[in-house]
Every structure is written in C-alpha cells, then in structure tokens.
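Read through the structure below, which is laid out as structure tokens, and then see the notes.
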C-alpha cells in the first residue's frame, strides 16, 4: 500500500555530491591533519551540521482523513502531487529517501534530504549547509522566529495548501480559532492572499536580483583571475627573456674563444698522431759527439712526448669549449621557444579577457533593454532547469548502475 519514491544509500549520495570537491580540497592541504578522509563521517560527528534532514507532511488526521476512507485517498493523491514537485522546487536539497505511508491511520510523506551548496569560499567548494542551501532558494533569515528554516516551512505549507485548494480542500489552521468565512470575509482573505503573493514575488525578485549580483561578481572574479594570469605571464616572459639573453652572451663568448683557438688546433690531432707513432722515423741521427740512441732516448723522445701531451691538452680544451657552446646554444634556443610559447599564451589570455569584457557589456545592455528583473529571472530559471537536468542524469546513471549490478 505504501509508495516508494526514492531509496538510495546515503553514503553513495555523499560520494556523488562531494567526492570531487573533497579531492580538490585535500590536494590544497599541506598538513595531513587538515585532510578529510571521509566527508560523511566528518559531518556525522559535526556539531554544526547534520548528515541529513527529514520532514513529514500530512493532511488532516485520522478523524477527517483516515487512510482507508475516500478522503484519505484524496489526501494521498495530493501528497503524491506535492512530492513530485518537491525536488524541482528545492534543487539545493538533495532527496535520497522518500515514502508515502498508507499503512497507518493517516496518509503522510517522509522526505529525507541532504542540504548542500556549491561555490563555497570556505572549506569544500561543495559542502553540507542547511542555512546556505535555504538562502540559495531565497530564504533570508531575520528574527529568531523568522529563520531560513521557518520561512521555508511556511513556503512549503503554502505549496501544499495550493494543491489542496485545487481539490476543494480548505486549510484549517490549528490554534487560530478561525470560523467559517462569510462571502465578504472570503473576498477579504482572497485580497490578503494576493498581497501575500505579491510579497512572495517581491522575495523572488530579490532572490533573482541576488543571483544577478552573483553572476556579475563571478564575471568580475574571472576577469581578475585573468588579469593575475596576464601579470604572471608577463613576469615569466621577462624572466625567460633575461635567461635567453644571458645564454646568448655566454654562447657568443665561447664562440669567440673557439674562433681564436681554431687556427691553433687545425690538424693538431693529426700532428699528435704523427709524432707519437714512431719517433725514430721523425728524428735525425745524432752527431759524432753522442750516440744516436742516447740522443733519441734522453732528448728527442721526451721532447716529442711533451709536444704530444701539449697538443692533445689544447685539443681537449677546444673540444670542451665546443661542447659548452653547443649546450649554451641549446639553452638559448629553449629560452627563445619558451618566450614564444609564453607570448602566445599571453595573447590567448588577453583575447579571453577582451571577450569577457564584451560579455559583461552585452549583459549590461540586455539588462538595460529588457529590465534587470526579467533578465535575472531568466538566468535563475535556466540555472534551476540545469540543476534539475543534472539531477535527472544522475538518477538515470544510478538506475543504470543498479540494473547492471
């Protein structure tokens, strides 16, 4: 007899909503004690937030809306319509469990949801927060009796009341001792409802205006981030340019030294080999004063060995300078390439910045022509549609995963 609308594991829903934001948050932490291993467990032990909230919605009681009576069946129909519009009205309250109970005295709904926000500047970008989730829906807290939650409760009761009226059921507010209304009183009450509707529209417009301000602020933040990136690219380009100039100066220095050494080392290795192969073929015979062997062993061969050593040392120095020149030339080429890449990126960022500025101007122009309220209303409506579509896609993926299992 009961109706099950949703029955998802709360931990799975937490992974769906918060895992990406949790990963980004942990990547930024430099201290291990600030990392969060399990966001659900953290909220479970939190003193500020609850892991989920539940509301119970009921029409009448066992005396006038008994579950087995015709009126009870009508109440169940109205509650079914109310439930089907709940998630669309409240995109920041992620419903994961919902049932219509018909097996007790009076039909009633159990709705369990996780309130969350996106784009948070504190903690996780996407995090649990009932207050902020209701603020995103347009409910701004005031006095102790006019908290965000109380305002939201009152609004949801009005949504239920509207459905009841469509089925010819009036709302008897308990504790107000209201009597049956005369025709004149009824008209006065209807006028009062119109005033309330206007107040609601006013609140909605204020919420829409807030959305517009947030959009404007987001655009400004994006432009500011682009400006910071442009300045960073300019600094990198300047640094790269200096590195390139330094590498070029060193390369020019070694190139000049190589040019000076080039005439000296020309055919040097060839000479070194020639003199070291067979000194007997190069040296003349000794004179009559000393023997040839003594001349070659004591004077000629040591002299030639020294010449070979000097020649090869000079040639090795030449090769070392040549290698350093090639290395510096490669470093210079890389610096030039890096500067070119930075210049291209700088141009891309500049063009993106110009496009954002043009987008802001277009947005201001459309707002001036159509009116701030209308434009903001369109933006808010599209954001809500986008949120609903995301929720539908997630639901489809979850269903596919369950079917696959």
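The values are calculated or read from the model by the stated rules, or taken from the named source; none is laboratory data. Computed from a predicted model, the values in this text were never measured in an experiment. Cβ atoms come from the backbone with ideal geometry, glycine included; neighbour counts cover every protein chain shown.
Out of the residues in segment 1-24 that are surrounded by 14 or more Cβ atoms within 10 Å (Cβ to Cβ) and not in a helix (DSSP H, G or I), state the one that is nearest to the chain's Cα centre (by Cα). Only one residue tops the list, namely 8.
Inspection of segment 25-37 finds a residue satisfying the criterion of being in the same structural domain as residue 117 (by TED's automatic domain parsing) and buried (at least 18 other Cβ atoms within 10 Å of the Cβ).
Can you confirm whether residue 375 is at pLDDT 75 or above, under 28 Å from residue 117 (Cβ atoms) and in contact with a helix residue (DSSP H, G or I) (Cβ under 6 Å, 6 or more places away or on another chain)?
Working: at pLDDT 75 or above: no; under 28 Å from residue 117 (Cβ atoms): yes; in contact with a helix residue (DSSP H, G or I) (Cβ under 6 Å, 6 or more places away or on another chain): yes.
Considered against the rule, which asks whether it is at pLDDT 75 or above, under 28 Å from residue 117 (Cβ atoms) and in contact with a helix residue (DSSP H, G or I) (Cβ under 6 Å, 6 or more places away or on another chain), residue 375 comes out as no.
Residues considered: 146, 125. Of these, the only one that is at pLDDT below 80 and in the same structural domain as residue 77 (by TED's automatic domain parsing) is 146.
Residues satisfying the criterion are present in segment 84-93 (criterion: part of a strand (DSSP E or B) and either modelled with pLDDT of 95 or more or within 18 Å of residue 164 (Cα to Cα) (or both)).
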